[in-house]
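Heads up, the thing below is written out as structure tokens.
Nothing in this text is a laboratory measurement; each read-out follows from the coordinates by a stated rule. Being a predicted model, the structure only gives us computed values, none of them experimental. For neighbour counting, all protein chains shown are included, and Cβ atoms are generated from backbone atoms with ideal geometry for every residue, glycine included.
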Amino acid sequence: MGLFSKKPKGPEYDAADCTVKKQKMREIFNEAVKNGDTYEILYAYMSASKFESGFVYDTSTTTFSYYIAGFRQNDFSLVLVQIDAALQNHSEPFYVNMDNISNVSYDPKIHQLCFQYKKGSGDYGELLNIGGTSSKTLYGPKNIHQPDEMERFLDFAEAFRTNLQQKGYKPDKWKR
């Protein structure tokens, strides 16, 4: 046995709790979005870091935002509903204006999907981390295992990229 012979364990999930969380997310989404049943959904989060230099010490703050992302392939709709970590409260839905999107990219190592806005629209884009969470997750909802939902969302993003290419845009390379 060598130092590097031990293989890392994969994430642990509680299947029953995962099913309950997915049902709860569907209820929240349907409550927040009109015709919510016409959308497929998955859990996503965004993080933003802020670094401040201080006189005595420096501080770094990371803020997490949790979302239920709803997507519809037939008309390329994307809706984000912000939720809290306990899946109790939610915000009003945010409908992403897909006409303002000029690029879609994906980083498979960290499961991060980016819908980048056109230049001059004010914001950079929607940077969604779509990997699930395990039972040992420190921040956000625990036990959300969503490989099938992830694949369908990536299919949606790939189809939207093809749509962008047909409109004359040149999206970044796509790796899955």
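What the table below lists for this structure:
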quantity: Matching residues, the stretch 30-47, being within 21 Å of ALA86 (Cβ to Cβ) and either outside any helix (DSSP H, G or I) or touching a Phe, Trp or Tyr at 6+ places or on another chain (Cβ under 7 Å) (or both); calculated: VAL33, GLY36, ILE41, LEU42, TYR43, ALA44, TYR45, MET46, SER47
quantity: Residues that are within 21 Å of ASN143 (Cβ to Cβ) and of a type in the set (Asp, Glu), drawn from the stretch 22-52; calculated: GLU27, GLU40
quantity: The stretch 124-158 - residue that is over 21 Å from ILE83 (Cβ atoms) and loosely packed, with under 13 Cβ neighbours inside 10 Å and, of those, farthest from the chain's Cα centre (by Cα); calculated: TYR124
quantity: Residue in the stretch 10-57 that is nearest to GLN146 (Cα to Cα), counting only those that are out of contact with any strand residue (DSSP E or B) (no Cβ under 7 Å at 6 or more places or on another chain), surrounded by 10 or more Cβ atoms within 10 Å (Cβ to Cβ) and basic (Lys, Arg); calculated: LYS22
quantity: Filter result for the condition that a residue is loosely packed, with under 13 Cβ neighbours inside 10 Å, in contact with a strand residue (DSSP E or B) (Cβ under 8 Å, 6 or more places away or on another chain) and of a type in the set (A, V, I, L, M, F, W, C), over ILE83, ILE110; calculated: ILE110
quantity: Residue that is within 25 Å of LYS173 (Cβ to Cβ), among the polar types (S, T, N, Q) and either under 16 Å from the mean Cα position of the chain (by Cα) or buried (at least 17 other Cβ atoms within 10 Å of the Cβ) (or both), where the choices are SER77, SER105, SER121, SER65; calculated: SER105
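Each row is one residue, and each column tells you yes or no for (1) without any contact (Cβ under 8 Å) to a residue 40 or more places away in the chain; (2) touching a helix residue (DSSP H, G or I) at 6+ places or on another chain (Cβ under 9 Å).
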site	(1), (2)
LYS34	yes, no
TYR45	no, no
ALA48	yes, no
ALA69	no, yes
ILE83	no, yes
ILE101	no, yes
TYR117	yes, yes
TYR124	yes, no
GLY131	yes, yes
